[in-house]
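What follows is a short report on a single structure.
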Amino acid sequence: MNFTFTPENKKKFDEYVKRYPQKRAALLPALWLAQEQNGWISGEVMEYLAGLLEVTPAFVYETVTFYTMYNKKPIGKHHIQVCNSVCCWLRGSEQTVDYLKRKLGVNVGESTADGRFHLSTVECLGSCGSAPMMQIDNDYFENLDEEKIDQILNELNTE
Amino acid sequence: MSSILNNNWNNPRQREIKTAMANGAYASLKKVFNMQPVEVTEEVKKSGLRGRGGAGFLTGMKWGFIPKNSKKTVYLINNFDESEPGTFKDRAIVEKDPHRMLEGMIIAAYAIGARTAYIYIRGEYYRQWEILEKAIAEACREGFLGKNILRSGFDLDIYQHRGAGAYICGEETALLSSLEGGRGYPRIKPPFPAIEGAWRCPTIVNNVETLSNLPFIMNNGAAAYRKFGTEKSPGTKLISASGHVNKPGVYEVEMGLPVRTFVEEHLGGVWKGRKLKGVVPGGSSFQVLTAEETSKCCLDFESCAGCGTSLGSGGFYVMDETTCMVKMLQYTAKFYEHESCGQCTPCREGTGWVSQIVRRIEEGHGRQRDLDLLIDVSKNMVNGRTICVFADALALPVISYVTKFRAEFEEHIKLGRCSLQNG
Ligand SMILES: Cc1cc2nc3c(=O)[nH]c(=O)nc-3n(C[C@H](O)[C@H](O)[C@H](O)COP(=O)(O)O)c2cc1C
Ligand code: SF4
Ligand code: FES
């Protein structure tokens, strides 16, 4: 299936292009928009954006693959990203990762069988003072312990 | 204690422009627009304000590098990439008082002659991006952004540009590559961004905290600003504190505060009643201090440099006596291995090797000669062998951990494991 922006997103895209003196600068915001609409950045998305921004698909591909937050494949419904970087480690992030692995029954980099959750570990998220912490989709959850994790996942499971 | 940045942080409505204005937000603009742009730059020069993004470069002097009478468009970029382990202070400014930062951006843009400014915000800061979208819209509605601001004839638009998960994009030239839609590859300097930056036009990149100091300076004057801090490091500094302390968080302190006082009085001391083992005062890119060294060190640029480290971006983290320094270095190296952009061989290979060697020591397969090897590899990563200083940002910590805690590394190798609790 070919990818195109919804009319509403196309309008947003046109707005983004106007913010820069050169069209291709709108690539990062356009990719965010496409990911919001499509869930991940497929080959069709890349070709479509290359056409809109008048760059080669190779240029789009280079950009997409450089950044970790653009999904190169579909992922679980909720993306759990646990910070396992320097300062979070000092306050027990290894145990947080272990607990999530056990609780979800997956390894880091995997999705649960029902496709609800995808577990990743990431580098510093700018939340070191409230470690251990994780990001789920767009939200931060800080000062985690097992009880708190149970509660957060329960809420996401019953939504 | 009086402060410059955080006086309204306790007010939960400070994000709203009405509340912010009632507390004085945007008040400096009338005065600023009655001055010539060069006079604004002069005042900032006099204040001695230094960049809060890590390097501590004099802000007014940097602005002065913008070519005079250039026909090219000038750009201002607010660096809100904040991705260095230990650093989370810019986020506090944006969450608690975003209008102070926007006011600072308007002042800077006026001084350097920029009509367009971008906020480069790290991709993970989605909620902060929402806060700023709202704040920018409010500022437009009140006439502080857009055309002919306060009938001064000055126009300014501010846009946010979201990154997508790459620490290196905080480096100013990588940031420019990313702003232009490409991979976040740093560029060789010179040319410096002030001469040839975004789209090869003169560009000033300043940090969130740097810009947020400007309203105070313009309202109260350079002399009032200099009443804070030390001769060469005037003002206050936001320190984001984490690790093994009782009260982690973001603190505004006067430059020159002794590290020990900060730990004992602000952070409530080392947690669990334990002893202090080490401190990294400026973020993961800089050298670790031993407990002994911290007793001589103060939180300002000169004192930290004198102690062989850097105040950096104020990413302050504390290690208690149970911390395994091998593991600490392993975690530090893992970050840099993950984040190297890969353009330069000493960095791409060096960060990988360092990471591998430290991991092998940690896992019990180290050899005594690995320690000299680590120092050797690191020495090949510093002193301008690479396009940007990212490589130094791992090499310097490595050399400091291995040199200062050598006995611990040696023991780890001999035993094939850690003898400490937290290992
Ligand atoms: C690897 C690397 C990462 C950096 N990350 C940031 C960052 O996240 N935020 C920031 O303000 N400066 C960062 N800097 C410093 C910028 O290159 C630049 O010096 C700074 O934004 C200038 O602003 P200032 O003069 O107001 O400090 C980084 C530098 C390097 C080498
Ligand atoms: S030093 Fe490292 S991060 Fe900087 S340009 Fe070279 S490879 Fe990239
Ligand atoms: S190290 Fe985890 S948020 Fe900074």
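The values are calculated or read from the model by the stated rules, or taken from the named source; none is laboratory data. What you are looking at is a predicted structure, and each value in this text was computed from that prediction instead of being measured. Every residue, glycine among them, receives a Cβ derived from its backbone with ideal geometry; neighbour counts consider all protein chains shown.
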Filtering the range B:141-175 down to residues that are closer than 23 Å to A:Lys12 by Cα and touching a Gly at 6+ places or on another chain (Cβ under 6 Å) yields B:Arg162, B:Gly163, B:Ala164, B:Gly165
Kindly list the number of the only condition in (1) in the same structural domain as A:Ala30 (by TED's automatic domain parsing); (2) surrounded by fewer than 17 Cβ atoms within 10 Å (Cβ to Cβ) that fails for A:Val60. (2)
If we keep only residues of the range B:307-331 that are in a helix (DSSP H, G or I) and in contact with a strand residue (DSSP E or B) (Cβ under 9 Å, 6 or more places away or on another chain), then the residue farthest from B:Ile168 (Cα to Cα) is B:Met325
Restricting the range B:293-306 to residues that are more than 16 Å from ligand 1 (Cβ to nearest atom) and assigned to a loop (DSSP other than H, G, I, E, B), the residue that is nearest to the other protein chains (Cβ to nearest Cβ): B:Cys297
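Residues checked against (1) within 16 Å of ligand 1 (Cβ to nearest atom); (2) within 12 Å of the chain's Cα centre (by Cα); (3) crowded, with 16+ Cβ neighbours inside 10 Å:
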residue: A:Val64; (1), (2), (3): no, no, yes
residue: A:His79; (1), (2), (3): no, yes, yes
residue: A:Lys103; (1), (2), (3): no, no, no
residue: A:Asn107; (1), (2), (3): no, no, no
residue: A:Leu125; (1), (2), (3): yes, no, yes
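Could you identify the single residue in B:Ile121, B:Ile131 that is among the hydrophobic types (A, V, I, L, M, F, W, C), modelled with pLDDT of 95 or more and surrounded by 22 or more Cβ atoms within 10 Å (Cβ to Cβ)? Reasoning before the result, please.
Working: B:Ile131 fails: surrounded by 22 or more Cβ atoms within 10 Å (Cβ to Cβ).
Going through B:Ile121, B:Ile131 in turn, just one is among the hydrophobic types (A, V, I, L, M, F, W, C), modelled with pLDDT of 95 or more and surrounded by 22 or more Cβ atoms within 10 Å (Cβ to Cβ): B:Ile121.
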Just a yes or no: is a residue in the range B:135-150 surrounded by fewer than 24 Cβ atoms within 10 Å (Cβ to Cβ), of a type in the set (S, T, N, Q) and within 26 Å of B:Phe65 (Cβ to Cβ)? no
With within 16 Å of ligand 3 (Cβ to nearest atom) and in contact with a Phe, Trp or Tyr (Cβ under 7 Å, 6 or more places away or on another chain) as the only criterion, which of B:Ala194, B:Ala241 stands out? B:Ala241
May I ask you to list pairs of residues, at least six apart or on different chains, whose Cβ atoms are under 6 Å apart, with the first in the range B:60-82 being free of Cβ contacts under 8 Å to residues at least 40 places away in the same chain and the second being in a helix (DSSP H, G or I)? B:Gly60/B:Thr41; B:Gly60/B:Val44; B:Gly60/B:Lys45
Taking the criterion of being under 30 Å from B:Arg385 (Cβ atoms), within 11 Å of chain A (Cβ to nearest Cβ) and among the aromatic types (Phe, Trp, Tyr), would at least one residue in the range B:118-137 satisfy it? yes
Here are some residues: A:Pro7, A:Pro57, A:Pro21. Which one is over 19 Å from A:Val122 (Cβ atoms), within 13 Å of another protein chain (Cβ to nearest Cβ) and not acidic (Asp, Glu)? A:Pro21
Listed residues B:Val44, B:Val40; which is part of a helix (DSSP H, G or I), over 18 Å from B:Ile4 (Cα atoms) and among the hydrophobic types (A, V, I, L, M, F, W, C)? B:Val40
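Determine whether the range B:395-404 contains at least one residue that is modelled with pLDDT of 95 or more, assigned to a loop (DSSP other than H, G, I, E, B) and within 21 Å of B:Val279 (Cβ to Cβ).
At the first step, the residues of the range B:395-404 found to be modelled with pLDDT of 95 or more are B:395-404.
Those left that are additionally assigned to a loop (DSSP other than H, G, I, E, B): none.
No, the range B:395-404 has no match at all.
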Criterion: aliphatic (A, V, I, L, M) and under 27 Å from B:Pro234 (Cα atoms) - qualifying residue of B:Ala198, B:Ala164, B:Ala111: B:Ala111
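Only one residue in B:Tyr125, B:Tyr167 is within 16 Å of ligand 3 (Cβ to nearest atom), among the hydroxyl-bearing types (Ser, Thr, Tyr) and touching an Asp or Glu at 6+ places or on another chain (Cβ under 6 Å). Which one? Steps first, answer last, please.
Details: B:Tyr125 fails: touching an Asp or Glu at 6+ places or on another chain (Cβ under 6 Å).
One residue alone meets the criteria, B:Tyr167.
Could you please give the count of residues in the range B:179-189 that are away from ligand 2 (no atom under 13 Å from the Cβ) and crowded, with 21+ Cβ neighbours inside 10 Å?
2
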Just one of (1) in a helix (DSSP H, G or I); (2) charged (D, E, K, R); (3) surrounded by fewer than 16 Cβ atoms within 10 Å (Cβ to Cβ) trips up B:Arg13, so point out which. (1)
If you take the residues in the range B:345-356 that are buried (at least 22 other Cβ atoms within 10 Å of the Cβ) and more than 14 Å from chain A (Cβ to nearest Cβ), which one is nearest to ligand 1 (Cβ to nearest atom)? B:Cys347
When you check B:Leu175 against the structure, is it of a type in the set (A, V, I, L, M) and under 20 Å from the mean Cα position of the chain (by Cα), yes or no? yes
Name the residue that is surrounded by the most Cβ atoms within 10 Å (Cβ to Cβ), counting only residues in the range B:84-117 that are of a type in the set (Asp, Glu) and away from every other protein chain (no Cβ under 12 Å). B:Glu103
When restricted to B:Gly342, B:Gly384, the only residue free of Cβ contacts under 8 Å to residues at least 12 places away in the same chain, within 16 Å of ligand 1 (Cβ to nearest atom), over 23 Å from B:Gly56 (Cβ atoms) and not in a helix (DSSP H, G or I) is B:Gly342
